[in-house]
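Read-outs: derived from the displayed coordinates by stated rules, not from any lab. All values derive from a computational prediction rather than experimental measurement.
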Amino acid sequence: MNTRLLGLAVIKQHALVDYAIRLHKTSWSPSKAEMILASLEPCVRQYCIKKVIVSIPHDYHQTEAFKSLCGR
């Protein structure tokens with residue numbers, strides 16, 4: 001798990017409505033964290049998302065960049 005690849009699924013009433021995979025190739029930086037969060041905003045607005053479920057791997061599989069992003 002890292003900050004390079006992000007998978008997203010929108011589920012409504014137990015059905016998959018939309019899905020996407022976002023690739024962020026740049027090196028880790030605070031601006032990359034903002035870019036990742038900004039890339040999620042259109043989906044949140046389009047579907048009026050109220051709840052988010054995040055699959056987070058065990059600590060030993062997480063990079064420092066990923067931990068930094070999740071600690072926001």
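When the helices in the chain are scored as -39500 (n - 2.57) per DSSP H run of 4 or longer and the sum is shared across all residues, what 222 nm value do you end up with, to the nearest 500 deg cm²/dmol?
So the helix-based figure for the chain works out to -11000 deg cm²/dmol.
From the backbone phi of segment 17-28, what are the Karplus-calculated ³J(HN,Hα) couplings (6.51 cos²θ - 1.76 cosθ + 1.60, θ = phi - 60°) in whole Hz, Gly and Pro given as x?
Result, ordered by residue: 9, 7, 8, 7, 10, 10, 10, 10, 7, 5, 5, 5 Hz.
Among the lysines, select those whose C-alpha is under 23 Å from the C-alpha of LYS25, and discard any that sit fewer than 8 residues away in the same chain.
Reachable lysines: LYS67.
Tabulate in residue order the Karplus-calculated ³J(HN,Hα) for segment 49-55, using 6.51 cos²θ - 1.76 cosθ + 1.60 with θ = phi - 60°, rounded to whole Hz; enter x for Gly and Pro.
Whole-Hz 3J(HN,Hα) from phi for segment 49-55: 5, 10, 10, 10, 10, 10, 8.
What relative contact order, as a whole-number percentage, does the chain give when Cα pairs under 8 Å and 6 or more residues apart are counted?
It comes to 35 percent, rounded to a whole number.
On the principal axes of its Cα set, how long, how wide and how thick is the chain? Give whole Å, largest value first.
Computed over the chain, the largest-to-smallest principal extents equal 35, 25, 20 Å.
What residue among LYS25, LYS50, LYS12 has the largest mean-square fluctuation in a Gaussian network model of the chain, using Cα springs under 10 Å?
In the Gaussian network model the winner is LYS50.
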